Amino acid sequence: MAKRSAHPKSPPLHLVPFGARSIVTGVDMLEHDDGSGVVFLWGMASWCWSSDDVAARRLAAVQMAESGAASVKAVAVGFGIEEPTLWRWRDTYRRNGIAGLLPKKMGPKRASKLTEDTLGEIAQLRNKGLSLRSIGERVGISHDSVKRALKSSPVISTPQLTDTALVPLAIPKDRGKERKAASEGMLLEAAPVVCQGASLPLVGSLVILPGLVPTGLLDAFSSVYGHGRNVGGSVRAAFYGLRSLVCVIVFSLLLGEPRAEGLTRLDPVAIGRLLGLDRAPEVSRLRFRLRELAREERSDKLIMSLAQHHIESRPSAVGLLYVDGHVRAYHGKAEISKAHVARMRLAMPAEIDTWICDRFGDGLLVWQAPVGASLANELRLVATKVRSLLGEDAHPTICFDRGGWSPKLFCELIQGGFDILTYRKGPVPAKEREAFRSYSFTDELGRCQNYLLADEKIVIGYDRNRMSFDCRQITRLDEQSGHQTQIITTRDDSDPALLAYAMFSRWRQENFFRYLRTHYGLDALDAYETTPDDPDRLVANPARRDANRLVKQSQEAIVQAQAMQGRMAIENREITPETAATFADADAELKARKSLARSIPSKVPLGEVRPDAVRLGTERKRIIDAIRMATYNAESALVRMIAPHYARAEDEARSLLREIFKSSADLEIEGTTLHVRIEPLSAPRRTRALEGLCQELTATKTTYPGTNLTLAYSVKER
C-alpha cells in the first residue's frame with residue numbers, strides 16, 4: 001500500500017489561546033487587560049512582555065519586522081501604532097540596541113518660559129488676531145506651548161463670537177438688477193463685490209493673484225482689447241467684462257478644468273465668489289465673448305505685450321532663451337496636414353507651435369509655425385522677434401536642440417548679435433579619458449552640479465567646407481555609461497560648467513510643455529474654426545509616389561528572378577528561351593515605369609491634390625494660450641516663494657499649490673484689507689509651508705483686481 005504524502009501547500013496547524021488576534025497567517029498576538037502580552041509564532045510563544053515593560057513590547061514589534069515574520073504594515077496595525085513609529089523604533093534599535101527602546105523620561109528639563117510677562121504678551125498678540133505659530137515665533141516658544149498657554153492660563157481668554165461672525169458657506173449677493181442693466185446697454189461691466197463668509201469652497205485659488213498681477217495679464221488685455229470694445233471700436237455693454245473673462249479662465253486652469261466646457265463641472269457659485277460676482281458665466285457666454293475677441297485678430301499683439309512686460313519685470317531671466325517646437329495632434333475630421341509627433345512616434349494630422357521660454361522655463365512667446373517648417377528655419381523668425389523685444393544693444397543666448405542644427409544659420413545669428421548654445425549633430429570621435437577635467441557649479445537652488453568636461457576651440461565647416469566659423473566645443477563624459485555629449489557654443493564664459501548646466505537645463509522647457517499638457521490643456525482644441533491652407537504651397541505629388549511604388553515592385557521582381565537564375569546556374573540547369581524572354585520583358589517594363597515616373601512632377605500645388613486642406617484657427621487658441629502662459633508663470637512665482645519654506649519643494653511644490661488652490665478659506669474685509677484665511681492642509685509640514693507662503697504673499701500688498709482692497713493671507717487655526 002502506497003504511503004500517503006501531505007499536501008505541499010497545507011500550512012502547519014497551530015493552536016493559540018482564546019482571545020488572541022491574528023496579525024498575519026501563523027502570527028497571533030494576545031494582550032491582557034493589565035497591558036502584558038504574548039506573541040505566538042505558529043502556536044509557540046516567541047515574544048512576551050509584562051504590563052510595565054514598554055521596551056520589551058517595542059522589542060517584540062521590532063524583531064517581528066526584522067525577522068520577516070510579518071510586514072511592517074501588519075506589525076504596525078497589530079500593535080496599534082503608525083508605520084513611521086515602527087520605522088523609528090527599528091532605527092533606534094539598530095543604533096543603540098534595546099537601550100534605545102526605553103521610554104524617555106518625560107517632564108520639564110529647564111525652567112518654564114511661560115512666565116507671567118510671556119502670558120501677558122501672548123494675550124495681547126492673540127487679541128490682535130495672530131495665529132498660534134506667529135505668536136510662538138515672536139515670543140520665542142513652540143507652537144504647542146502657545147496652545148497650552150491658551151488652554152490653561154487664566155490670563156488669556158478666548159474671544160467670544162459676536163453678531164458679526166462670518167456666515168459659513170455664505171451666498172453671494174444677487175446681481176440680477178445689474179444683469180438687466182447690462183442687457184439694456186446701461187452697464188459696461190459688473191464691479192466685483194466680495195462675498196464675506198467662512199469655509200468658502202475653492203477660495204484658496206486667490207493665492208494666485210500676487211503672482212498673476214506682476215505678469216501684466218489683466219493690463220495687457222485691457223490695453224490690447226480695450227474696456228469692452230468690439231471690432232468697430234464702440235463700447236459694448238456686458239455683465240462679464242474683460243477682468244471676469246480672464247479671471248474665470250485662470251481659476252478654471254488652476255482647478256483642473258482647462259477647457260471651456262469644464263465650467264459645467266465646477267460650482268458656478270464658488271467660481272462667482274472668486275470673481276466677486278454672484279456666479280460664473282455659462283459656457284455659451286464664455287465662448288461667445290472669446291469669439292468676439294478673436295474677431296479682432298489681436299492675439300499676436302497680446303502675446304507681444306505680455307512678453308514685453310515679462311522682460312521689463314524680470315530682465316535677468318531673458319539673457320538665455322530656450323526655443324523649441326511643440327506638436328499639437330489633431331483628432332477631428334478636417335483635412336489637416338500631417339506632422340511627426342515624437343511622443344507618439346508616428347505622423348498624424350497636427351499643428352506645430354514655436355515656443356520661447358526664459359532661462360527658468362517660464363513662457364515668453366508663442367506662434368503657429370508654417371506647415372513643414374523646421375526648427376532651423378524658425379530660428380530666423382525667433383531672432384527677429386527677440387531683437388524687437390530686447391533692443392539692438394542686447395546680446396542674448398539662444399539655446400535649442402539638434403533640430404536647429406545649421407552652421408550657415410549659426411553664422412547669421414552670430415552676425416546678428418546672438419550667441420548660440422546647442423548639441424553637436426553628427427558622429428564625433430570619442431575623446432580619451434585624460435582629456436576630461438572635473439568641474440562643479442552651484443545652481444540657483446544651492447545644488448552642486450558636478451561634471452567631467454573637455455573644453456576646446458574648434459572650426460565647423462559648411463557649404464562643402466568652403467565656409468566655416470569658429471566656436472567652442474564642450475564635451476561631457478558620463479563615467480557610468482561612458483557616453484560623451486558634445487555641446488557647441490559661441491559664448492566665452494570662463495567656467496564651462498555654467499554652459500553645461502545651461503544646456504542640460506533645457507529640460508525646463510520640456511517640463512513646461514508636459515505640465516501645460518497635463519494640467520492646463522495645452523493640446524486642447526480650444527476652437528473649431530479653420531482657415532484655408534495655402535493652395536499654391538508645393539506638396540508631394542501622390543501620382544509620382546504611386547509611380548515610384550510600381551518601379552520598386554518591378555525592381556524587386558527582377559531581383560528575385562535573378563536569384564532564381566543564379567540557383568539554376570549552380571545546379572547546372574540550362575536557362576530556357578522562355579525564361580530569357582521573360583527577363584527581357586521585365587527589363588523593358590522596368591524601363592517604361594522609370595520613364596513614366598520621371599515624367600511625373602515630384603511636387604504639385606496643394607490645391608490640385610487636396611483642395612479641402614485647411615489649418616486650425618489660431619486667434620482663440622492664442623488668446624487662451626496667453627492666459628495659460630501667464631498663469632503658469634504666476635504659479636512658478638509661487639513655487640519660488642514657497643521653496644524656502646518646504647523641504648520637498650523641488651519635487652512637490654506644484655502639487656502642494658494644487659492642493660492650496662482647491663482649499664476652502666474665509667473671506668473678511670477689515671477697512672481696506674481683504675483677509676483670506678485658508679484652511680489647514682492635509683499634513684502639518686504642508687500647513688507650515690502654506691503659512692510661510694502666506695507671509696510672502698501678504699508682503700506683496702497685492703490689490704484684489706477691480707477694487708482698492710489689499711489682500712492679506714493667513715492660515716486658520718483648527
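The values are calculated or read from the model by the stated rules, or taken from the named source; none is laboratory data. This structure is a prediction, so every number in the text was calculated from the model and none was measured. Methodologically, a virtual Cβ is constructed for each residue, glycine included, from the backbone with ideal geometry; neighbour enumeration extends over all protein chains shown. The area values use the complete protein model at the heavy-atom level, side chains included, leaving out ligands, DNA and RNA. Shrake-Rupley method; radii C 1.70, N 1.55, O 1.52, S 1.80 Å.
Limited to the stretch 499-535, what total is found for residues that are under 16 Å from GLU335 (Cα atoms) and over 20 Å from the mean Cα position of the chain (by Cα)? Step through it out loud before you land on a result.
Here is the first cut: in the stretch 499-535, the residues under 16 Å from GLU335 (Cα atoms) are 525, 527-535.
Remaining after also requiring over 20 Å from the mean Cα position of the chain (by Cα): 527-535.
Total satisfying the criteria: 9.
Limited to the stretch 509-546, what total is found for residues that are of a type in the set (A, V, I, L, M) and either out of contact with any helix residue (DSSP H, G or I) (no Cβ under 9 Å at 6 or more places or on another chain) or closer than 18 Å to SER655 by Cα (or both)?
Of the stretch 509-546, the ones of a type in the set (A, V, I, L, M) are 516, 522, 524-525, 527, 538-540, 543.
When the remaining residues are screened for being either out of contact with any helix residue (DSSP H, G or I) (no Cβ under 9 Å at 6 or more places or on another chain) or closer than 18 Å to SER655 by Cα (or both), the result is 516.
Qualifying residue count for the region: 1.
Any idea which residue in the stretch 392-447 is most open to solvent (accessible area, probe 1.4 Å), counting only those that are assigned to a loop (DSSP other than H, G, I, E, B) and of a type in the set (Gly, Ala, Ser)? Let's see the steps before the verdict.
Residues of the stretch 392-447 assigned to a loop (DSSP other than H, G, I, E, B): 392-396, 400-401, 405-406, 416-418, 424-432, 436, 443-447.
Remaining after also requiring of a type in the set (Gly, Ala, Ser): 394, 406, 416-417, 426, 430, 446.
Numbers: ALA394: 28, SER406: 29, GLY416: 36, GLY417: 18, GLY426: 46, ALA430: 83, GLY446: 55 Å².
For the stretch 392-447, the residue satisfying everything is ALA430.
How many residues does the stretch 674-694 hold that are over 17 Å from SER199 (Cα atoms) and open to solvent by 40 Å² or more (accessible area, probe 1.4 Å)?
Total satisfying the criteria: 3.
Among the residues of the stretch 509-543, count how many are in contact with a Lys or Arg (Cβ under 8 Å, 6 or more places away or on another chain) and among the charged types (D, E, K, R).
4
Look through the stretch 284-305, keep the residues that are open to solvent by less than 30 Å² (accessible area, probe 1.4 Å) and within 26 Å of the chain's Cα centre (by Cα), and return whichever of them is farthest from LEU365 (Cα to Cα).
LEU286
With out of contact with any helix residue (DSSP H, G or I) (no Cβ under 7 Å at 6 or more places or on another chain), open to solvent by less than 20 Å² (accessible area, probe 1.4 Å) and either modelled with pLDDT of 95 or more or not aromatic (Phe, Trp, Tyr) (or both) as the only criterion, which of ALA280, ALA190, ALA238, ALA270 stands out? Before the answer, list the steps.
On the way: ALA280 fails: out of contact with any helix residue (DSSP H, G or I) (no Cβ under 7 Å at 6 or more places or on another chain); ALA190 fails: out of contact with any helix residue (DSSP H, G or I) (no Cβ under 7 Å at 6 or more places or on another chain); ALA238 fails: out of contact with any helix residue (DSSP H, G or I) (no Cβ under 7 Å at 6 or more places or on another chain).
ALA270 is the lone residue from the list that is out of contact with any helix residue (DSSP H, G or I) (no Cβ under 7 Å at 6 or more places or on another chain), open to solvent by less than 20 Å² (accessible area, probe 1.4 Å) and either modelled with pLDDT of 95 or more or not aromatic (Phe, Trp, Tyr) (or both).
Could you tell me whether the stretch 623-639 includes any residue that is free of Cβ contacts under 8 Å to residues at least 60 places away in the same chain and either within 30 Å of the chain's Cα centre (by Cα) or within 30 Å of PRO168 (Cα to Cα) (or both)? Spell out how you get there, then give the answer.
Taking the stretch 623-639 first, the residues free of Cβ contacts under 8 Å to residues at least 60 places away in the same chain are 639.
Pick out the ones that are also either within 30 Å of the chain's Cα centre (by Cα) or within 30 Å of PRO168 (Cα to Cα) (or both) and you get 639.
Within the stretch 623-639, one or more residues are free of Cβ contacts under 8 Å to residues at least 60 places away in the same chain and either within 30 Å of the chain's Cα centre (by Cα) or within 30 Å of PRO168 (Cα to Cα) (or both).
Being touching a Ser or Thr at 6+ places or on another chain (Cβ under 6 Å), small (Gly, Ala, Ser) and not in a loop (DSSP other than H, G, I, E, B) is the requirement here; does GLY272 meet it? Full working, then the answer.
On the way: touching a Ser or Thr at 6+ places or on another chain (Cβ under 6 Å): no; small (Gly, Ala, Ser): yes; not in a loop (DSSP other than H, G, I, E, B): yes.
It is false that GLY272 is touching a Ser or Thr at 6+ places or on another chain (Cβ under 6 Å), small (Gly, Ala, Ser) and not in a loop (DSSP other than H, G, I, E, B).
Out of ARG508, ARG476, ARG472, I need the residue that is under 22 Å from VAL318 (Cβ atoms), in contact (Cβ under 8 Å) with a residue 12 or more places away in the chain and either open to solvent by 80 Å² or more (accessible area, probe 1.4 Å) or not in a loop (DSSP other than H, G, I, E, B) (or both). Which one?
Values: ARG476 fails: under 22 Å from VAL318 (Cβ atoms); ARG472 fails: under 22 Å from VAL318 (Cβ atoms).
The match here is ARG508.
Identify, from the list ARG491, ARG402, the residue that is out of contact with any Pro (no Cβ under 8 Å at 6 or more places or on another chain), among the charged types (D, E, K, R) and in contact (Cβ under 8 Å) with a residue 40 or more places away in the chain.
Details: ARG402 fails: in contact (Cβ under 8 Å) with a residue 40 or more places away in the chain.
The match here is ARG491.
SER205 fails exactly one of the following numbered conditions: (1) open to solvent by less than 10 Å² (accessible area, probe 1.4 Å); (2) more than 22 Å from the chain's Cα centre (by Cα); (3) among the hydroxyl-bearing types (Ser, Thr, Tyr). What is the number of that condition?
(2)
Filter the stretch 379-388 for residues that are open to solvent by 20 Å² or more (accessible area, probe 1.4 Å) and touching a helix residue (DSSP H, G or I) at 6+ places or on another chain (Cβ under 9 Å) and give the result. Walk me through it before giving the result.
Start the filter on the stretch 379-388 by keeping residues that are open to solvent by 20 Å² or more (accessible area, probe 1.4 Å), which leaves 380-381, 384-385, 387-388.
Result: ARG380, LYS385, SER388.
Are any residues in the stretch 656-711 assigned to a strand (DSSP E or B), of a type in the set (Asp, Glu) and touching a residue at least 12 places away in the same chain (Cβ under 8 Å), and if so, which ones? Quick ask: steps written out before the conclusion?
Taking the stretch 656-711 as the starting set, the residues that turn out to be assigned to a strand (DSSP E or B) are 665-670, 673-678, 703, 710-711.
Next, from what is left, pick out any that are of a type in the set (Asp, Glu): 666, 668, 670.
Selection gives ASP666, GLU668.
Could you list, ordered by first residue, the pairs with Cβ atoms under 6 Å in which the first is in the stretch 538-555 and touching a residue at least 40 places away in the same chain (Cβ under 8 Å) and open to solvent by 70 Å² or more (accessible area, probe 1.4 Å) and the second is of a type outside the set (Gly, Ala, Ser) and assigned to a helix (DSSP H, G or I), at least 6 apart or interchain?
So the pair list comes out as LEU550/ARG593.
For the stretch 339-373, how many residues meet the condition of being farther than 29 Å from ALA317 by Cα and surrounded by 14 or more Cβ atoms within 10 Å (Cβ to Cβ)?
6
Please work out which one of (1) of a type in the set (A, V, I, L, M, F, W, C); (2) surrounded by fewer than 21 Cβ atoms within 10 Å (Cβ to Cβ); (3) at pLDDT 95 or above; (4) closer than 30 Å to ARG464 by Cβ is the condition ALA376 fails and give its number.
(3)
Return yes when ASP534 is open to solvent by 20 Å² or more (accessible area, probe 1.4 Å), in a loop (DSSP other than H, G, I, E, B) and free of Cβ contacts under 8 Å to residues at least 24 places away in the same chain and no when it is not. I'd like the intermediate steps shown before the answer.
Details: open to solvent by 20 Å² or more (accessible area, probe 1.4 Å): yes; in a loop (DSSP other than H, G, I, E, B): yes; free of Cβ contacts under 8 Å to residues at least 24 places away in the same chain: no.
No; evaluated as a whole, the condition is false for this residue.
Give the stretch 208-231 a look and list any residue that's aliphatic (A, V, I, L, M), open to solvent by less than 10 Å² (accessible area, probe 1.4 Å) and within 24 Å of the chain's Cα centre (by Cα), or say none. Break it down into steps so the answer makes sense when it comes.
So the first thing to find is which residues in the stretch 208-231 are aliphatic (A, V, I, L, M), and the list is 208-209, 212-213, 217-218, 220, 224, 231.
Still in the list and also open to solvent by less than 10 Å² (accessible area, probe 1.4 Å): 208-209, 212, 217, 220, 224.
Within the stretch 208-231, ILE208, LEU209, LEU212, LEU217 meet the criteria.
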